[in-house]
Amino acid sequence: MTMLSLTVPLHPDETPTSFCSRLAFRNGCDAHGFCLDMGFKFLAVATGEEKALAELAAVSGADPHALRRNSFTSREGHGFQLRGQMVNVASSLRTHVRVCPDCISEDVAAQIDQRRSAPFQRIYWQLSWFRSCPVHGVALLTLGRAKTNMIECADFARAVAPHVGRIVAGDIDRVARAPSSMEVYLYRRLNGEGDSTSPWLDSIPMHKAVRLCEIVGAVSRFGPKVATRDLDDEVVADVASIGCDIMLSGEESFRGFVRKTMAANWKNSGELGGKRFFGLLYDWLRAEKDEASLNLARDAIREEVAESLPVGELHTFFDVPIGRRRCWSVTTVATACYMKSSRMRQYLSARGLITAEHENLSNDRTTFPAEKVDPLIEQLRSMVPQNEAMAYLGMPRSRFLALMREGLVVPFFSRLEAGFFCNGFLQADLDNFLKRLSMQVTMPAVEDGMVEIFDAAKRCRAPYAHVMRILLEGGFSRVAPWPSGSKCSLAVDPNEVRRVLAREAPGTEPWPYLTVEQIREQTKWGNGITWALISKGLLPHAVLTNPVTTRKCAVVHRDDLESFCRTYVTFGQAAKELGTTYLRQILRGGVVKPAIKFGVGEVAFYLRADFQRA
């Protein structure tokens, strides 16, 4: 094909349709008729058909590679390809005539002799992503729109010609508009300026990278429930720039956005799903599951969720399980251990996991790294309250508390630690205590003279827990299982217990005080008589802790009781000492009167001295 004598230069950023239009205008034709005369169709040039571009290069002398590089090559079902980048149909403004007034003025000034065919169309003007000139920082002007198809606007030279004079004369509204970070990024990416772009963002197809930036910016500004279709073009451009700034700063910046978004939208309990925290961004990334390049964003979100939210191994994000749990909350730990969140918060606080920064956070939002909580999980699951521990060991509360004070049974959580309403014990600790007891058994059955260990402690006037400690330390040689007792009931020889106590702790030998019950056993008085003597001050007493029962009770010193008994005597005791016949004669004679009498029918006390005088 013969080259035309009248040609125009092909500029680096010029579209093939603009070049064809200027060439036709230079030769006095419209673009459509010119192409037909040259043997190809203008539509084929507009859609980037290689044969049409080759023929256009042949008649114009232009570089065919340069023409192909700047062409919007149609990709069926996928929009267009421009300079190796994908452009979706919605983002191509090929039905619009948009120009930068400063670029047009420069074109005319550079070719003053061909001023009507000098202005050429830049590839950026046909992309909706550009709203300003990346070279001059001026808002792009829209000079016209096609009514039916893009061919109406593709003849650029003829579409712009009526406006060139006004543009050059400055008779237009020129608005300064600095290019956004998104426009600068796209300009550099289309020009292949790799050093000035983001490797992380560059790995994503351009049209999807733009959409990702728009959504990230919209969520960052308006929250996860935003719908970009409800935003006007200016706002979309603004949020795209916000998102682009985040993405251009690299993966760590994007992760920071993810963490900030999660924190802002985690204000109450509920399902920890992706839609709740990320809304539009989550839905879009999930819908684009076939786009492997977006795995960078999906993986970053999934990892941040695993690090920050108390989600389990089976929890899915983008239909992929989270994997190993990395975070627990008070609520999830409580659920795993089958207990209430309020109680679990106390337990974790006692272990120092809840600090000042958690004070104002709910149980759902109070989180901890898994490595700090995992060791506690199994222990907390096997923990039982005090009443269940007592029932398991088969002993009353007083004995159980005595063992606790002695340190023989240690709670995993003590009510004294953080105001717990009850102590908590590990099942393993209780089993270990029983195992230690069973290891001290030396005899298969109970022999004569052996009694249950509590009774042995009582007979020896020694604390039950102290005797148990000696037993656990292997201090007794005669130990047998008590046949009708609980798991902790063992039989020992009280004489051996007394010898061991005397040898190891002489201070435990006979306690110098007697309880009311012990006075009744020794004197045969009723408890009421003893209390009456105490209340009238006739029998000095004190309130002390019984070393056997560990309870506070009223006690009388042995010396005080002996002194009282040397001074006073009951009728029954006097009868044993003096004889009943002699005693009746004295009483009938009225020589001896009761010294202490509480009422009719009650026991009376007499002075021993009166009997001696009689």
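The values are calculated or read from the model by the stated rules, or taken from the named source; none is laboratory data. Model, not experiment: these values are computed from the prediction. Quick reminder, even Gly has a Cβ in these numbers, built from the backbone with ideal geometry, and neighbours come from all protein chains shown. Heads up: the accessible areas ignore ligands, DNA and RNA and are worked out on the full protein's heavy atoms, side chains in. Shrake-Rupley method; radii C 1.70, N 1.55, O 1.52, S 1.80 Å.
Go through region 105-121 and give me each residue that's under 12 Å from A157 (Cβ atoms) and acidic (D, E). Within region 105-121, just D107 meets the criteria. When restricted to residues that are open to solvent by 20 Å² or more (accessible area, probe 1.4 Å), in a helix (DSSP H, G or I) and farther than 20 Å from N88 by Cβ, region 193-226 contains 8. Scanning region 37-55 for residues that are open to solvent by less than 60 Å² (accessible area, probe 1.4 Å) and in a helix (DSSP H, G or I) yields M38, F42, A44, V45, A46, A52, L53, A54, E55.
Could you list, in sequence order, all residues of region 1-36 that are of a type in the set (D, E, K, R), open to solvent by less than 30 Å² (accessible area, probe 1.4 Å) and over 27 Å from L186 (Cβ atoms)? Working first, answer last.
Quick first cut of region 1-36, residues of a type in the set (D, E, K, R) only: 13-14, 22, 26, 30.
With the extra rule that they be open to solvent by less than 30 Å² (accessible area, probe 1.4 Å), the set shrinks to 14, 22.
Result: no residue meets the conditions.
Looking only at helices (runs of 4 or more DSSP H) that lie completely in region 541-614, which have at least 2 residues being free of Cβ contacts under 8 Å to residues at least 12 places away in the same chain and under 16 Å from T530 (Cα atoms)? Steps first, answer last, please.
On the way: elements: 558-567, 571-578, 580-588, 608-613.
Because the criterion is at least 2 residues that are free of Cβ contacts under 8 Å to residues at least 12 places away in the same chain and under 16 Å from T530 (Cα atoms), the helices (runs of 4 or more DSSP H) in region 541-614 that meet it are 558-567.
Among the residues making up region 325-342, those that are touching a residue at least 12 places away in the same chain (Cβ under 8 Å) and not polar (S, T, N, Q) are R325, R326, C327, W328, V330, V333, A334, A336, C337, Y338, M339. Does region 354-367 contain at least one residue that is of a type in the set (A, V, I, L, M, F, W, C), open to solvent by 70 Å² or more (accessible area, probe 1.4 Å) and over 26 Å from G223 (Cβ atoms)? Yes, there is a match, as at least one residue in region 354-367 is of a type in the set (A, V, I, L, M, F, W, C), open to solvent by 70 Å² or more (accessible area, probe 1.4 Å) and over 26 Å from G223 (Cβ atoms). Looking at A532, A574, A542, just one residue is open to solvent by less than 50 Å² (accessible area, probe 1.4 Å), closer than 30 Å to M468 by Cα and small (G, A, S), and that residue is A542. Tallying residues that are under 20 Å from the mean Cα position of the chain (by Cα) and hydroxyl-bearing (S, T, Y) within region 238-281 yields 2. Yes or no: I242 of a type in the set (V, I, T), over 26 Å from E14 (Cα atoms), part of a helix (DSSP H, G or I) and open to solvent by less than 50 Å² (accessible area, probe 1.4 Å)? So I242 fails the test.
So, in region 545-568, of the ones that are of a type in the set (S, T, N, Q) and under 29 Å from R405 (Cβ atoms), which residue ends up least open to solvent (accessible area, probe 1.4 Å)? Residue satisfying both the conditions and the ranking: N546.
Could you pull out the residue among L281, L309, L272, L294 that is touching a residue at least 40 places away in the same chain (Cβ under 8 Å), in contact with a His (Cβ under 8 Å, 6 or more places away or on another chain) and either closer than 27 Å to T335 by Cα or open to solvent by less than 30 Å² (accessible area, probe 1.4 Å) (or both)?
On the way: L281 fails: in contact with a His (Cβ under 8 Å, 6 or more places away or on another chain); L309 fails: in contact with a His (Cβ under 8 Å, 6 or more places away or on another chain); L294 fails: in contact with a His (Cβ under 8 Å, 6 or more places away or on another chain).
After applying the criteria, what remains is L272.
Among the candidates A456, A389, A465, the residue that is in a helix (DSSP H, G or I), open to solvent by less than 40 Å² (accessible area, probe 1.4 Å) and in contact (Cβ under 8 Å) with a residue 60 or more places away in the chain is uniquely A465. Out of the residues in region 87-136 meeting the condition of being in contact with a Gly (Cβ under 6 Å, 6 or more places away or on another chain) and under 23 Å from R229 (Cα atoms), tell me which one is most open to solvent (accessible area, probe 1.4 Å). Per the stated criteria, the residue is V89.
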